[in-house]
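S.K.: Let me begin by handing over the structure; questions about it come next.
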Amino acid sequence: MASTDVEHTGGHAEVIDTGWRREPADAPSARFGWFGSATKTFYGAALFFAAFLLFMLIGNHTGHVEDIWLIAFAAGVLFFVVRGWWMNRGKWS
C-alpha cells in the first residue's frame, strides 16, 4: 500500500514543493514576447482616456467643480503615462 505521507525534497519539512519553476529569460517562449506587457497599447489607451476626459470639458455645465475634477484626473493619467515612459525608456518592449 502506498504511503500517505508527503515526501519533501530537501529544505525545511514545512515547505511543500509544488513543482513550479520559473522559466529562464532565454526560454523558447520568451522569443515570442509572452513575458512582456503591451505597453504601447496601454499608453495609447491612457492617452485616449485623458483626451476623452479633456473633451468632456466642452458642455453646457455652469459650475467649474467638475472641470477641476476632469482636469485633475486627466493630469493624473498623463502623469502615469509619462512616468511609465520615463522608467522604461531604455528597454526594448
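S.K.: May I ask you to list the residues in the stretch 63-93 that are part of a loop (DSSP other than H, G, I, E, B) and surrounded by 10 or more Cβ atoms within 10 Å (Cβ to Cβ)?
M.R.: The answer is HIS64, ASN88, SER93.
S.K.: Which of the numbered conditions does ALA25 fail, given that it passes all the others? Conditions: (1) loosely packed, with under 12 Cβ neighbours inside 10 Å; (2) modelled with pLDDT of 85 or more.
M.R.: (2) is the only condition that ALA25 fails.
S.K.: So which pairs qualify, if the first residue must be in the stretch 62-83 and touching a residue at least 12 places away in the same chain (Cβ under 8 Å) and farther than 18 Å from LEU47 by Cα, the second must be open to solvent by less than 90 Å² (accessible area, probe 1.4 Å) and assigned to a helix (DSSP H, G or I), the Cβ gap must be under 9 Å, and the two must be at least 6 apart or on different chains?
M.R.: Once the first residue is touching a residue at least 12 places away in the same chain (Cβ under 8 Å) and farther than 18 Å from LEU47 by Cα and sits in the stretch 62-83, no partner that is open to solvent by less than 90 Å² (accessible area, probe 1.4 Å) and assigned to a helix (DSSP H, G or I) comes close enough.
S.K.: Another one. All but one of (1) more than 20 Å from ALA38 (Cβ to Cβ); (2) in a helix (DSSP H, G or I) hold for ASN60; state the number of the condition that does not hold.
M.R.: Going through (1) more than 20 Å from ALA38 (Cβ to Cβ); (2) in a helix (DSSP H, G or I) one by one, ASN60 breaks only (2).
The values are calculated or read from the model by the stated rules, or taken from the named source; none is laboratory data. All values reported here derive from a predicted model rather than from experimental measurement. Note that we place each Cβ from the backbone using ideal geometry, even for glycine, and neighbour counts take in every protein chain shown. Quick note on the areas: whole protein, heavy atoms, side chains included, nothing else; ligands and nucleic acids left out. Shrake-Rupley method; radii C 1.70, N 1.55, O 1.52, S 1.80 Å.
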